[in-house]
Amino acid sequence: MLLLAAMALSATAQPVASWLESKHDFGVFMEQDGKVTCQMRVVNTGNEPLLIVKAQASCGCTGLTYPQDAIMPGDTATVAITYNPSGRPGQFSKQALIFTNTVPKRSVLEITGNVIPTAATLDKQYPLQAGSLRISQGDIPMGEITRGKNKTQYLSAYNASTDTILVSVQGGCNYIKPAVVPDTVPPARVTALTVHYLSGQAPLWGLNIDTLTLHCRPLTQQSTAIDGSADIHVMAQVIEDFEGMTDQQRADAPVVGLDCGDRVDFGNMTAGDVVTRTFTITNKGKDKLAIRRLWVPQGEGVTVKSDKQEVKRGKAAKVTVTVDTSQQHDGILNVPLTLLCNDPDSPRVTIRLVGIIDNKK
């Protein structure tokens, strides 16, 4: 009986690791602030000394400090867990394994958090800034869209503050439908600006450039977040759909002809003068030729005007090109003029406007 009693006493005499904390959330903090540390406490609720035999972190970014001496029954000790955010922006979840002389002998501790990148990292991933909102790019290229069809594109934005912000967008119209989802952005989280483009409502054939404005403002007056705004340019090439044409329609289609070839030569000009040249667009096909657009880049001092928007079979339209040489600063005129029309074989024709500008009067 004495032997059985001794064996029962020995079986119940053991340490017990009771953790007061097994998880810790560091919340949102800045990468530039460096390492963060938390303390997790363990109580020996057993009746024998408790030993931490080994501690193992899930990665090299996490450091552990734990007591080397025995923890006597009823005593409390702490394990320090340190996380190094350097080069590790974004959300994280790490585990630490603590091995003790108990049953079970392994305990799992967990740390979580969200790291806001340094300014240098943000500049690479989100170069455009609107207060505390960082934006991945300043343009949304929609690419080519056949008129009548729709297309959706998006860009991402990041809340670089430690407070929640509200994001809104302005500048939408009947052919551009923007939305910010979500519009309430917690710290160190991403939102998206989505643009739905309805090409059938676009005002111009060819290149259309429109501007949206993203606004950021803090959710509360006490917030440390900064309000601001940034312009986003939406660019789309609206093109004509020729794929559904029958063989007969193609045979009867308009055919564009130019009497200037692929260039209009202004020759030698004197700086400061306004010079005009003309050329003709002839319809060599059967159906009416529709001049969809005559386009030149802005800021070149060049204007283009046609006396007709539709050209009947065998007829011609007269195009007048005017160059203000005071806006040409390199001494050489070399500007592309783009003709968009409903010729299925040549819907886009580029004509070079060339010349030499003498700066001496």
*Hits in the range 199-217 - residues which are surrounded by 18 or more Cβ atoms within 10 Å (Cβ to Cβ) and either more than 21 Å from the chain's Cα centre (by Cα) or not in a strand (DSSP E or B) (or both)*: S199, A202, W205, G206
*Among V169, V238, which is open to solvent by less than 20 Å² (accessible area, probe 1.4 Å) and either outside any strand (DSSP E or B) or in contact (Cβ under 8 Å) with a residue 12 or more places away in the chain (or both)?*
V238
*asked:* If I filter the range 323-331 for residues that are modelled with pLDDT under 95, touching a helix residue (DSSP H, G or I) at 6+ places or on another chain (Cβ under 7 Å) and at negative phi, do I get at least one hit?
replied: no
_Quick check on the range 218-232: of everything there that is among the small types (G, A, S) and touching a strand residue (DSSP E or B) at 6+ places or on another chain (Cβ under 6 Å), which residue is most open to solvent (accessible area, probe 1.4 Å)?_
S229
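It is to be established whether one or more residues within the range 174-187 are basic (K, R) and part of a strand (DSSP E or B). Give the derivation first.
Within the range 174-187, the subset basic (K, R) is 177.
Checking the rest, the ones that are also part of a strand (DSSP E or B) come to 177.
Checking the range 174-187: at least one residue is basic (K, R) and part of a strand (DSSP E or B).
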_Among the residues of the range 256-274, are any exposed (fewer than 13 other Cβ atoms within 10 Å of the Cβ) and in contact with a helix residue (DSSP H, G or I) (Cβ under 6 Å, 6 or more places away or on another chain)?_
yes
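When the residues of the range 74-124 are narrowed to those that are in a loop (DSSP other than H, G, I, E, B) and of a type in the set (S, T, Y), which ends up surrounded by the fewest Cβ atoms within 10 Å (Cβ to Cβ)? Spell out how you get there, then give the answer.
Start the filter on the range 74-124 by keeping residues that are in a loop (DSSP other than H, G, I, E, B), which leaves 74-75, 84-89, 101-105, 117-118.
Narrowing further to those that are of a type in the set (S, T, Y): 86, 102, 118.
Details: S86: 12, T102: 20, T118: 16.
Per the criteria, the residue is S86.
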*Assess whether K54 counts as being surrounded by fewer than 17 Cβ atoms within 10 Å (Cβ to Cβ), of a type in the set (D, E, K, R), within 30 Å of T164 (Cβ to Cβ) and touching a residue at least 24 places away in the same chain (Cβ under 8 Å).*
no
*Out of the range 332-361, which residues are of a type outside the set (S, T, Y), surrounded by 13 or more Cβ atoms within 10 Å (Cβ to Cβ) and part of a loop (DSSP other than H, G, I, E, B)?*
N342, D343, P344, P347
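The values are calculated or read from the model by the stated rules, or taken from the named source; none is laboratory data. Remember, it's a predicted structure, so these values are computed and weren't measured experimentally. Cβ sites come from the backbone with ideal geometry, for glycine too, and all protein chains shown count toward neighbours. Accessible surface areas use protein heavy atoms only, side chains included; no ligands, DNA or RNA. Shrake-Rupley method; radii C 1.70, N 1.55, O 1.52, S 1.80 Å.
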